[in-house]
Amino acid sequence: MAEDSGEKTFAPTAKRKREAVEGGDVLRSREMTVATGTAVGVTWLVLAGPWLMRGLMRVMRLAFSWDAASLDRFEPGTMLREAFGAVLPPVMLLGVLVLAASLFVQLGLGGGAFVAGNLVPKPSRLSPARGLSRMFGVQGLIEIAKGLAKLALLGTLSWVWLRSRLVTLVGLGAGQLHVQLLFAWNAVTMLLVYLAVGLMLIALSDFPIQWVRRQRRLRMSRQEVRDENKQTDGSPENKAAIRRRQRAIAKGSVRKAVQDAQFVITNPTHFAVALSYDPDRAPAPVVTAKGRGETALAIRELAGEYGVALLEYPALARSVYYTTRENQVIREELYVAVAAVLAFVLSLRRGESPPAPRVEVPLSVRFDADGNPEIVVDDAPQVT
């Protein structure tokens, strides 16, 4: 039913995700950005706050201290430059740190992708109709619920902060000024810490929600998956062309070995083993070439070109393939089976027409197509 209706039930592929990023659809979490920026700002306030306070105190001294000379040479420009010089550096540093933290979070969530197209203004975002649909649609209701949850959490944290300091705050006016300022500074800093922790909790709960929503947004239908696979893997014609090129390359690498072989054993197309026997060089047949897949097909085709005997013994072909390397003598357990095939090939060369032998591969060297041990009764031949 999903195939007929086009229902999007399949997880997005890597190609779909990559195209979505190129189109500007990356994982975003506004809550994570706000929480990170706030955390960086509060950290800066705790560590570099005295720097800012010294600048503010300098500005206050300049503003509230004057004498007769100051009145005679009143230079507001100089006062403003000194004020900006005292306050602007720490404030600018704070802005740079918060901006860098926000960019780092967004790039991290988006896999390091910077989509410049998202900076271009889009008239569709200014549409009143779309704005109303977002406000009163499902997404709008979700955002309202998130806002209420944030308000409740941050309000609770603020109340916890206020309840433990309420008595001291009420009696601040009776103390010394520097004590009052120190307490106020510590109290405000702690409040910001509480709020930063609350925002981070909200962000940690919002991140999986945004991830799930994006995964659902990028889901694919069965037809879309098929179309993508077709584009990625290519058409059947392209696949056939690729296989032909692979076979041509394989032919070049095994051509001389097959030309020197006396016979080839196959399984029937997945495996191919070319063997040759020269008693002056080795006491038993030697594997001159072997291969599977496209290489096996190349060996078969070359055997036909050079008139090399081609015999289909599936179990024997697999056994030789998995137990013997190229230019190596076959295993002793395979002597009898290969000798029967070799005798049959030599009879054919003498012009005789003997029946194709049935060979039995020892159980200790039987393998399936994946190289796992296999148990088979015998090997029925097919001669081509």
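Looking at region 249-271, is at least one residue over 30 Å from Ala337 (Cβ atoms) and at pLDDT below 85?
Checking region 249-271: at least one residue is over 30 Å from Ala337 (Cβ atoms) and at pLDDT below 85.
Taking region 32-53 as the range and being free of Cβ contacts under 8 Å to residues at least 12 places away in the same chain and either under 34 Å from the mean Cα position of the chain (by Cα) or not assigned by TED's automatic domain parsing to the domain that holds Phe104 (or both) as the test, only Thr43 passes.
When you go through Arg30, Arg16, Arg73 one by one, which is the residue that is among the basic types (Lys, Arg) and at pLDDT below 75?
Result of the check over Arg30, Arg16, Arg73: Arg73.
Considering every residue within region 164-183, establish whether at least one is in the same structural domain as Met57 (by TED's automatic domain parsing) and modelled with pLDDT of 80 or more. No, there is no match, as no residue in region 164-183 is in the same structural domain as Met57 (by TED's automatic domain parsing) and modelled with pLDDT of 80 or more. The residue list Val336, Val345, Val365, Val341 contains one member that is of a type in the set (Val, Ile, Thr) and surrounded by fewer than 16 Cβ atoms within 10 Å (Cβ to Cβ), which is Val336. Assess whether Trp161 counts as being in the same structural domain as Thr43 (by TED's automatic domain parsing), at pLDDT 80 or above and hydrophobic (A, V, I, L, M, F, W, C). Judged against the criteria, Trp161 is a match.
The values are calculated or read from the model by the stated rules, or taken from the named source; none is laboratory data. All figures in this text were calculated on a predicted structure; none of them were measured in a lab. Reconstructed Cβ throughout: ideal geometry from the backbone, glycine too, with neighbour counts over all protein chains shown.
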